[in-house]
Amino acid sequence: MTNPRFIMIGGFLGAGKTTTVSRLAKSFQDEGKRVVIVTNDQATDLVDTNILRSQGFDVGEVAGSCFCCNFDELTNTVERLGTNQRPDVILAEPVGSCTDLVATVIRPLQDVYQQPFEIAPYGVIVKPSHGARILRKESKGGFSPQAEYIFRKQIEEADFVIVNRIDELTNEVIEELVSLIDQQFPNRPVVRMSAKTGQGFEAFREFLDQKGEFGRRLMDVDYDVYAQGEAELGWLNSQLTLSSQKEFQLDQFLMNILRELQYEFAILSAETAHLKAIGMWEGYYAVANVISSDTEPQLSLQSNCETKSANIVVNARVAIDPDVLAEMVRKVVDRQAIDMELIAEIDTLQSFRPGRPVPTHRILNNR
């Protein structure tokens, strides 16, 4: 019996990790493998978890802190998912603002955790919208140097890099991104892929299926800069319930709130790292997202549903004070509810800045 294969897919907020994990899980399931997924967030009410569960996957969530700062909960979650049947593949999706994951997650899995795993190459997805600006070293990359530091450190520790969303890019932009990565991070193989369409997915799988010693790129990390970069973002997770006397379009509500929120953020020059929402009603699901301040909101999953009630989850990661972010979300939800003649009740709302990362383990020597 082979050991479970542990695959962690990193990348900045909005890079496309959840879409990639979903396509990967389906690919392994088609091969007859049992797959479990572990998602991660600084708080509960995660859109990604709901998306993956809506697709029928077996998903556990590590909430309240990142994998590195809650290593025991990561391993406990993996064990719970394997209670009835041992998984063949474990897919892990870390928080998009985290780095130093080789030293704080992969190496502890090898040296501290007593259950043997087969570690796959660690792939990091580059988000083109912010990545191009940061890698070009433009003065207005969208975030502070501290947040850009996290982005660069994510690439530095990767075994290979994935340029995602190539279906949305010209060949010139794709080749420029690949060239910039090669210049600034030599010896990092680069895969060109669209997790959405599947273009380049076979090459991605070929990298992941390699056998050998991976997750070995240990690096120096300035945790003061790292903490400042994470704290730049206001985080918001919220659940709300919609109801109405007459049917309304679920897709329209999601797109309306995201468009208005993006407009409000622009007024305050607040850079959007990721903004996403999922709407759910009796087996119908709609997902909408915004991945940067200069990209339009997209309805990535249409429900084509008209209903009198729905549950909504909203996640926002924006360079703005979290209290301002919370008040903005409340006002936008209320305005859209009035416009569409709905009753909107906010069931939970958490807004905060992430605290300083304090890893459970940090191993800086290779065996």
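Values in this text are rule-based calculations from the coordinates and carry no lab data. Small disclaimer: the values here were computed from a predicted structure and weren't measured. Note that each Cβ is placed from the backbone with ideal geometry, even for glycine, and that neighbours are counted across all protein chains shown.
Obtain the nm distance between the two label points defined at residue 168 and residue 30 by a simple spin-label model: each point lies 7 Å from its Cα along the Cα-to-C-beta direction.
If labels sit at residue 168 and residue 30, their model points lie 2.3 nm apart.
Please arrange 99, 295, 44 by how many other C-beta atoms lie within 10 Å of their C-beta, fewest to most.
So the residues, fewest neighbours to most, are 44, 295, 99.
What is the projected area of the convex hull of the Cα atoms of the chain, averaged over all directions, in nm²?
Answer in nm², one decimal: 17.6.
Take every DSSP beta bridge with both residues inside the chain and express the antiparallel ones as a percent of the total, to the nearest 5.
Of those bridges, close to 60 percent are antiparallel.
So, in nm, how far is label residue 3 from label residue 243 when the simple model puts each one 7 Å beyond its Cα toward the Cβ?
Here the modelled spin labels are 5.3 nm apart.
What is the magnitude of the charge dipole of region 234-352 about its Cα centre, with +1 placed on the Cβ of each Lys and Arg, -1 on the Cβ of each Asp and Glu, and no other charges, expressed in debye to the nearest 20?
Approximately 120 debye in magnitude.
Which of the listed residues, 340, 322, 350, is farthest toward the dipole's positive end in region 234-352, when Lys, Arg count +1 and Asp, Glu count -1 at the beta-carbon?
350
Using only the alpha carbons of region 234-352, what is the convex hull's orientation-averaged projected area in square nanometres?
Mean projected area of the Cα convex hull: 6.3 nm².
Which Cα, out of 256, 279, 291, lies furthest along the positive dipole direction of region 233-296 (beta carbon charges, K/R +1, D/E -1)?
Comparing the listed Cα positions along the dipole, 279 ranks first.
Taking only complete DSSP H runs, can you tell me which helices of the chain stretch 18 Å or more along their own long axis by Cα positions and average at least 0.0 on the Kyte-Doolittle scale?
TM-like helix candidates: 250-267.
Averaging sequence separations of C-alpha pairs under 8 Å and six or more residues apart, then dividing by the length of region 234-352, give the relative contact order as a whole percent.
Rounded, it is 44 percent for region 234-352.
In region 5-230, if the dipole is taken from +1 on Lys/Arg beta carbons and -1 on Asp/Glu beta carbons about the Cα centre, which of 123, 203, 229 is farthest to the positive end?
Highest projection toward the positive end goes to 203.
Among 97, 244, 129, 269, rank each residue by its count of other Cβ atoms within 10 Å, from fewest to most, as a rough exposure measure.
Fewest to most other Cβ atoms nearby, the residues stand as 269, 244, 129, 97.
Taking Cα pairs under 8 Å and at least six residues apart, what relative contact order does the chain come out at, in percent?
20 percent
Let's see if you can work this out: charge +1 on each Lys and Arg Cβ, -1 on each Asp and Glu Cβ, no other charges. What is the dipole magnitude of the chain about its Cα centre, in debye to the nearest 20?
660 debye
With 10 angstrom as the radius, rank 8, 219 by how many other C-beta atoms surround their C-beta, starting from the fewest.
So the ranking, lowest neighbour count to highest, is 219, 8.
Quick one: dipole size for region 168-208, taken about the Cα centre, charges +1 on Lys/Arg Cβ and -1 on Asp/Glu Cβ, in debye to the nearest 20.
Result for region 168-208 is approximately 200 debye, rounded to the nearest 20.
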